[in-house]
Amino acid sequence: MNFTITSSDPLVFRDGRPFGDPGHVHGGALRWPWPSTISGLIRTRLGEQRSKNYFTGPDKEKNIEAVRRIHCTCLPLWRKAFDQEWQPVFPAPADAFCFQESDQNTNELNIIPYAYQAADETGGTDLNLAHWMLPVREVNTKPAKSTPDLWFKEAFFHWLEHGKSAKRRWQSDNLGLSLPQLELRIHTAISSETGTADHGRLFSSQGIRLESGGMAEAPGYFAIGIQATGIEKSDHPQGACHLGGERRVAMIEQTRPFLPSCPDWLDNKQYLRLILATPGKFGGWIPNWLMPDATGKFKTHPQSGVDVRLRSAHVERWQAVSGWDFENKRPKALTKLVPAGSVYMIELKKSRQSRLLAENLWGQSLNDDPDGFGLTFIGNISL
């Protein structure tokens, strides 16, 4: 089943780090929720609909295991007006180098792919990996300061299919959008004794409005798109709910399928690109089944049985996620995430199996994560 979450309130999302940590006076505010936040909302809502004491009664352990079998896949959706259909938007690929020339319009971007060359002892890396390829830029310039966080479907799919942009120069508003901007609010504590404002005890919160329309963008509306599997016929998550910090009101509505299907141009490919549409929760910078080693041997994808090996990667700086464990009533340990948009270049041992691998990975988690981390799309590449 497919749903959207929308809200007219500024929604507050945090990475789970507590207030007061050095450099995080706003509690690690986020401009888009983690997949686990949305999965937790859906599971909790359905459990409470099934039974009033679903999570507290004598069968709570069995019930918790039951709702964990509900898997959610999340993507940002966008539309320009209320009467238009929702369209998915995708994180900017990390292997797309965006820059501006000195004589260009400030809103115009040059977008080029990286080239790749074999790494050797003088290649500028201390990775002791066989068959590793180093990404190389054809221009020696700084990246553009302001680029879209999200690409429209047409631009993203052209990049997947051809390994390059449809054109070298883009206007920012034709390429994609920025994530919703944070909105700052100042609050004051309320005295439990007097019921009035407690003088001098101010704190702030930052939330996002699900709207677009920055300086270089067309105005429009965001939604959180959810594809849920494992839902029972009697489950109906639609309706008003509380989402994120400070329990802001949001609305869940059923919608048409929005995840694109696996394309037909992934047959007989020796090399492929795996692009993360949601952050990857791997316990490191890559899933264990794909971790390269000094021998350069092929590894087997668990679901399809296809043998592949990693040849190169574009991984941005890690992101932190934590939270509260409602089952065990304690804080969760901090986990490092691979950011959305990160890219892995892989080589297949048998090119005729590329379609089998693509069908098993397309729109799925790269490490079979039940919360929706590591959502993967696949593109062509020539090495």
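The values are calculated or read from the model by the stated rules, or taken from the named source; none is laboratory data. Note that the structure is a prediction, hence the values are computed from the model and not measured. Cβ atoms come from the backbone with ideal geometry, glycine included; neighbour counts cover every protein chain shown. Note: accessible area is taken over every heavy atom of the protein model, side chains too, but ligands, DNA and RNA are not part of it. Shrake-Rupley method; radii C 1.70, N 1.55, O 1.52, S 1.80 Å.
With θ taken as phi - 60° and the Karplus curve 6.51 cos²θ - 1.76 cosθ + 1.60 applied, the whole-hertz 3J(HN,Hα) list for region 248-254 is 6, 7, 9, 10, 9, 9, 6 Hz, x standing for glycine and proline. Please find, in a Gaussian network model of the chain (springs between Cα atoms separated by less than 10 Å), the residue of ILE112, ILE38, ILE186 whose mean-square fluctuation is greatest. The residue that fluctuates most here is ILE186. With each label modelled as a point 7 angstrom along the Cα→C-beta vector, the HIS162-GLN117 pair spans 2.6 nm.
(1) -0.49, -0.61; (2) -0.59, -0.72; (3) -0.91, -0.99: which one is log10 I(q)/I(0) by the Debye sum over Cα atoms at q = 0.09, 0.10 Å⁻¹ as calculated from this entry? The value matching this structure is (2). The amide H of ALA277, built 1.01 Å from its N in the peptide plane, has GLY341, LEU375, THR376, PHE377 as neighbours under 5 Å, considering only residues 5 or more places off or on other chains. Given Cα pairs under 8 Å that are at least 6 residues apart, what percent is the relative contact order of region 327-383? After rounding, I find 24 percent.
Loop-located GluC sites (Glu not before Pro) in region 137-199 (DSSP state other than H, G, I, E, B) with a sparse environment of at most 12 neighbouring Cβ atoms within 10 Å: GLU138, GLU193. Just checking the listed ones, ILE224, ILE252, ILE190: in the Gaussian network model of the chain with Cα springs under 10 Å, the one fluctuating most is ILE190.
Each residue of region 353-364 is assigned a 3J(HN,Hα), and the resulting list reads 9, 5, 5, 4, 5, 4, 5, 7, 9, 4, x, 10 Hz, derived from the Karplus form 6.51 cos²θ - 1.76 cosθ + 1.60 (θ = phi - 60°), x at Gly and Pro.
Determine the distance separating the Cα centre of region 267-303 from the Cα centre of region 151-165; give it in Å without decimals. Between the Cα centre of region 267-303 and that of region 151-165, the gap is 21 Å.
Each Lys and Arg adds +1 at its Cβ and each Asp and Glu adds -1 at its Cβ; summed about the Cα centre, the chain shows a dipole of about 520 debye. Note down the relative contact order for the chain as a percent, whole number, built from C-alpha pairs under 8 angstrom at least six residues apart. For the chain, the relative contact order is 24 percent. Entry comment: accessible area of the chain is 52 Å² per residue, from protein heavy atoms only and a probe of 1.4 Å.
Carbon and sulfur together cover what percent of the accessible area of region 215-333 at a 1.4 Å probe radius? Percent of accessible area from carbon and sulfur atoms in region 215-333: 50.
Accessible area per residue (1.4 Å probe, heavy atoms of protein chains only) ranks TYR54, TYR116, TYR221 as TYR221, TYR116, TYR54, with the largest value leading. Residue by residue, region 184-195 carries 3J(HN,Hα) couplings of 8, 10, 9, 10, 10, 6, 10, 5, 6, 8, 9, x Hz when phi is fed to the Karplus relation 6.51 cos²θ - 1.76 cosθ + 1.60 (θ = phi - 60°); x denotes Gly or Pro. Legend: distances between Cα atoms for LYS142/LYS297; LYS164/LYS332; LYS142/LYS164; LYS297/LYS336; LYS153/LYS336; LYS269/LYS297; pairs beyond 30 Å are LYS142/LYS297; LYS164/LYS332.
Identify which of PRO93, PRO58, PRO237 has the largest mean-square fluctuation in a Gaussian network model of the chain, with springs joining Cα atoms closer than 10 Å. Between PRO93, PRO58, PRO237, it is PRO58 that shows the largest mean-square fluctuation. Taking a point 7 Å from the Cα of LEU127 along the Cα-to-Cβ direction, the residues of region 331-349 with backbone N closer than 15 Å to it are 342-347. Within the same chain, aspartates and glutamates fewer than 8 places from LYS233 are excluded, and of the rest, those with a Cα less than 19 Å from its Cα are GLU48, GLU65, GLU253.
For region 45-191, the ratio of Cα radius of gyration to the globular rule of thumb 2.2 N^0.38 Å stands at 1.60. The Cα-based radius of gyration of region 235-383, divided by its Kirkwood radius, gives an Rg/Rh of 1.04. Hydrodynamic radius of region 23-106 by the Kirkwood approach over all distinct alpha-carbon pairs: 17.4 Å. With the crude spin-label approximation of a point 7 Å out along Cα→Cβ, what separation in nm comes out for LYS142 versus LYS52? Those two pseudo-labels are separated by 6.3 nm.
The figure for ASP307 is an accessible area of roughly 40 square angstrom, using a 1.4 Å probe on the protein chains alone.
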